[in-house]
Amino acid sequence: MRSLRAVKPLERFLSARCVGTRAHGVRKLSSTSGSYPLVCIVGGGPAGFYTAQHLLKSHPDIHVDIYERLPIPFGLVRFGVAPDHPEVKNVINTFTQTAQHKHCCFFGNVNIGRDVSVKELQEAYHAVVLSYGAEANRRLGIPGEDLLGVYSAKDFVGWYNGVPCNKDLQPDLSSDTAVILGQGNVALDVARMLLSPLDILKVSFSRTHCINKQKGSLMESHVHKVLIVGRRGPLQMACTIKELREMVNLPGTKPDMVTAEFEGIAEALKELPRPRKRLTELLLKAAQGSAGSAQATRQWGFRFLRSPVEIRPSSDVTRTAGIRLAVNRLEGSGENAQAVPTGEVEDLQCGLVINSIGYRSLPIDATVPFDPHKAVIPNTVGRVEQVAGLYCSGWVKRGPTGVIATTMNDSFDTARALLQDIEAGLLKLSTKKLGSKAIVTLLEKRGVNSVSFLEWEKINAEEVKRGGRAGKPREKLLDVEEMIKIAKT
Ligand code: FAD
C-alpha cells in the first residue's frame, strides 16, 4: 500500500475529499462518465440538498456533486433560522444522510462564479443545477437609508446567527425604540430576538458574543419597544401563526396596537379562509389587550397601512432619530388589496431601523440568464430558459418567499424535470464528462482549498465541543480561516 506522502497531489486531494459514509469508506470520485449522469449543484442550502436527495433516490446510477461557497453546508438553515427554533434545524439530519450517500460529494469553500465559472461546470457535468439562494437585501430606496442605526434584516440576522461576513456588525442598540419595516416571519424573528429575555436566548444562542456583556450585544441593549410596520392592513399581514403566537406569548412583553387600525376586522373574519382566519383571530386578541403579561417591561406592536418615505437624521446628521411614514389606504380587498398613499404622513421617533422587506437573488455569471426585475433565473419548472442542461431550484428559482417545506417541493419539481430530460435523452449521456475530476484540477491550479463533508464534520465536532463547555448545543465558529484550519487538521 502506498503511503499518503507518495500519492500524487490530485489523487491525494480526491481521496481526502470524495468520501462516502463511514460504512462505505473512502470512495472514488464521481469521476469520468461514459453513460451514467453526472450532475452538479451550486449551493449547499435546502434547495441544493433537496434537489440532490430526489435525484439520488430516483436514479440508481446518478452522481451528484454539491459546490458550496462556505466551508459549511446548510445555507439559511444554519444562517437564517432563528436560534430559538432548534426543531426547524432537524432537517440537517436528512441533508447529512444525502451528503453521505455513496454517489454524493460535497465541496465546501468553492465560490462558483469566482473560483470556477458556470461554463466550466457545464463542460464537466451533464447537468448543472443552480440553487444559490438570495444573498442580497432589497433596498428601501429612501433618503436616510445609510444613516447609522439602519440595518438590513439580512445583516442583523447574519450577526446573531454567526455569518462570517456579519460577525463584526456591532449593531447600535442604545435606543429605546426600534422600527422594523416588513411584517413577514423574518421581521418577527428579529423582533423576538430584540425583546426575548436573555435567560431564554442564552440556552439556544450559538453565538455567545451577541449575548455577552459587551458593546453592541443584546445584553447591553436598551431597546424595550419594537414597532413592526407594514404597508397594507391586518388582513394582508405576511407572517405565519407560529411566529405571531411566539410574539403574543413572549415573556415580559405586551402588545401595543392602534385600535383604530382594526375597525371592521372582526366582521370580516367569517369570510376568511381558515389559516388566515386563525391568524387574524390571534392578532385581534393581541390588539384587544387580552394578551401579554401584566408585569411586562417591554412592548411590541404592529403598525399597519404605513410605508417608509424617509429615515430622519439626528441633529448632527449622522445617525437615525426617527422615521417618516406615508399613511396608506387599501384599494381592493383580500390578498390582492393594493396600498395607495393618502397624502398624509406620520413621524415616529426611533434610533434603530431594521429593513425586513425581503431578500434578493443576484446574477451568478454573465452566461446565465437573469431577470433583474423579478431577481430570479427565468425558468420553466426549474429548466433555465434557453439553456439545455441548466436547471435551478429554491429561492433563486421562485424568489425569496416560503418556508423550507416550500423549498423542498420546488426542489423536487426541478429534480423531476431533470430526470424527465434524462429519460427523454436530452442530456447526451454518451458524451464523456470528467465531473469533479476536471473541477478539482482547476481548483488545485487556482489554489482553492475545498472542504469535504467529512472535513465539515470536524468543524461541526469542534463547535459542539465548544458549545458543550458553555452548556449549549454548539458555539459557532465565525472565521473562515479558522474553520479551514480545523477542517484540515
Ligand atoms: P439558501 O438557504 O440561502 O442556500 C443557498 C446556498 O447557496 C447557501 O449555502 C450559500 O452559501 C450558497 N451559495 C450562494 N452563492 C454561491 C456561489 N456563488 N457558489 C456556491 N455556493 C453559493 N423556513 C422555515 O421553514 N422555518 C424557519 O424558521 C425559517 N426561518 C428563516 C429565517 C430567515 C432569517 C430566513 C431568511 C429564512 C427562513 N426560512 C425559514 C426560509 C428558509 O430558510 C428558505 O426557504 C430556504 O433556506 C431557501 O433555500 P435555498 O437553498 O434556496 O437558499
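Each value in this text was obtained by applying a stated rule to the coordinates, not by laboratory testing. Owing to the predicted nature of the structure, the values given are computational and were not obtained by experimental measurement. All Cβ positions, glycine included, derive from the backbone under ideal geometry; neighbour counts span all protein chains shown.
So what are the ³J(HN,Hα) numbers for the stretch 151-164, from phi and the Karplus equation (6.51, -1.76, 1.60; θ = phi - 60°), rounded to whole Hz, Gly and Pro as x?
Taking θ as phi minus 60°, the curve returns 10, 7, 4, 4, 5, 5, 5, x, 5, 6, 9, x, 5, x Hz for the stretch 151-164.
Compute the distance in nm between two label points, each set 7 Å from the Cα along the Cα-to-Cβ direction, one at L198 and one at T342.
Label-label distance for L198 and T342, simple model: 4.2 nm.
Quick one: check the C-alpha center-to-center distance for the stretch 359-416 versus the stretch 427-465, whole angstrom.
Taking the Cα centre of the stretch 427-465 as reference, the centre of the stretch 359-416 is 23 Å away.
Check Y359: other-chain or 5+ apart residues with amide H under 5 Å from its amide H, H built from backbone geometry?
Those lying under 5 Å, H to H, from Y359 are R138.
Under 20 Å from the 7 Å Cα→Cβ point of S35, by amide nitrogen: which residues of the stretch 416-449?
Counting backbone N atoms under 20 Å from the label point, the list is 419-435.
Gain in length, Q349 to S315, computed as 0.36 nm per residue apart minus the alpha-carbon separation, to one decimal in nm?
10.9 nm
May I ask for the distance between the Cα centers of the stretch 35-93 and the stretch 169-204, given as a whole number of Å?
When both Cα centres are located, 29 Å separates them.
Given the rule -39500 (n - 2.57) for each run of at least 4 DSSP H residues, summed and divided by the residues of the chain, what is its mean residue ellipticity at 222 nm, to the nearest 500 deg cm²/dmol?
Taking each H run of at least 4 residues, the total per residue is -9000 deg cm²/dmol.
Quick check: pseudo-label points 7 Å beyond the Cα along Cα→Cβ at K458 and E263, how many nm apart are they?
Inter-label distance under the simple model: 6.7 nm.
Taking amide H positions as placed in the peptide plane 1.01 Å from N, state which residues far from V345 in sequence (5 or more) or on other chains have amide H under 5 Å from it.
For V345, the qualifying residues are V327.
For the stretch 329-343, what does the Karplus curve 6.51 cos²θ - 1.76 cosθ + 1.60, with θ = phi - 60°, yield as ³J(HN,Hα) per residue in whole Hz, taken in order and with x for Gly and Pro?
Taking θ as phi minus 60°, the curve returns 10, 9, 10, x, 9, x, 4, 8, 4, 9, 8, 10, x, 8, x Hz for the stretch 329-343.
For a test of the definition: using alpha carbon positions, the gyration tensor, and the 1.5 limit on a/c, classify the chain as rounded, prolate or oblate.
Prolate, because a/c is 1.5 or more and a/b exceeds b/c.
Among rounded, prolate and oblate, which fits the stretch 343-474 when a ≥ b ≥ c are the square roots of the eigenvalues of its C-alpha gyration tensor, a/c under 1.5 means rounded, and a/b larger than b/c means prolate?
Oblate shape, in that a/c is at least 1.5 and b/c is the bigger or equal ratio.
At 0.36 nm per residue, and after removing the present C-alpha to C-alpha distance, how many nm does the segment from K485 to T380 gain when stretched out fully? It would help to have the intermediate numbers written out before the result.
Working: separation 105, 0.36 × 105 = 37.80 nm, distance 4.17 nm.
Extending this stretch completely gives an extra 33.6 nm.
For the stretch 327-348 and the stretch 102-167, write down the distance between their C-alpha centroids in whole Å.
The distance from the Cα centre of the stretch 327-348 to that of the stretch 102-167 comes to 33 Å.
Please give, to one decimal in nm, the separation of the simple spin-label points placed at H85 and L426, each 7 Å out from Cα toward the Cβ.
3.4
Check cross-link reach from K374 to the lysines: straight Cα distance under 16 Å, and skip same-chain residues fewer than eight apart.
Straight-line reach from K374, under 16 Å: K397.
Given H placed 1.01 Å from N in the peptide plane, which residues other than close sequence neighbours of G108 have an amide H under 5 Å from its amide H?
For G108, the qualifying residues are E68, V451, S452.
What does the highest-first list of 266-276, 404-414, 314-324, 35-45 look like by mean Cβ count within 10 Å?
35-45, 404-414, 314-324, 266-276
Which one of M483, H103, G216 has its Cα pushed farthest toward the positive end of the charge dipole of the chain, where Lys and Arg give +1 and Asp and Glu give -1 at the Cβ?
Positive-most Cα among the choices belongs to H103.
Would you list, by chain and number, the lysines whose Cα falls below 24 Å from the Cα of K254, excluding same-chain residues fewer than 8 positions away?
K202, K225, K242, K277, K285
Starting from the Cα gyration tensor of the stretch 123-237, take the square roots of the eigenvalues, sort them a ≥ b ≥ c, and report rounded, prolate or oblate (rounded when a/c is under 1.5, otherwise prolate if a/b is larger than b/c, else oblate).
It is oblate, given that a/c is not under 1.5 and a/b is not larger than b/c.
Of K102/K428; K154/K428; K89/K432, which ones are farther than 31 Å apart at the Cα?
In this structure, K154/K428; K89/K432 exceed 31 Å between Cα atoms.
What does the net charge come to around A337 if you take all other residues with beta carbon closer than 9 Å to its beta carbon, with K and R at +1 and D and E at -1?
It works out to a net charge of -1.
Within the stretch 247-267, find all residues whose amide N lies under 20 Å from a label point positioned 7 Å from the Cα of D176 along Cα-to-beta-carbon.
252-258
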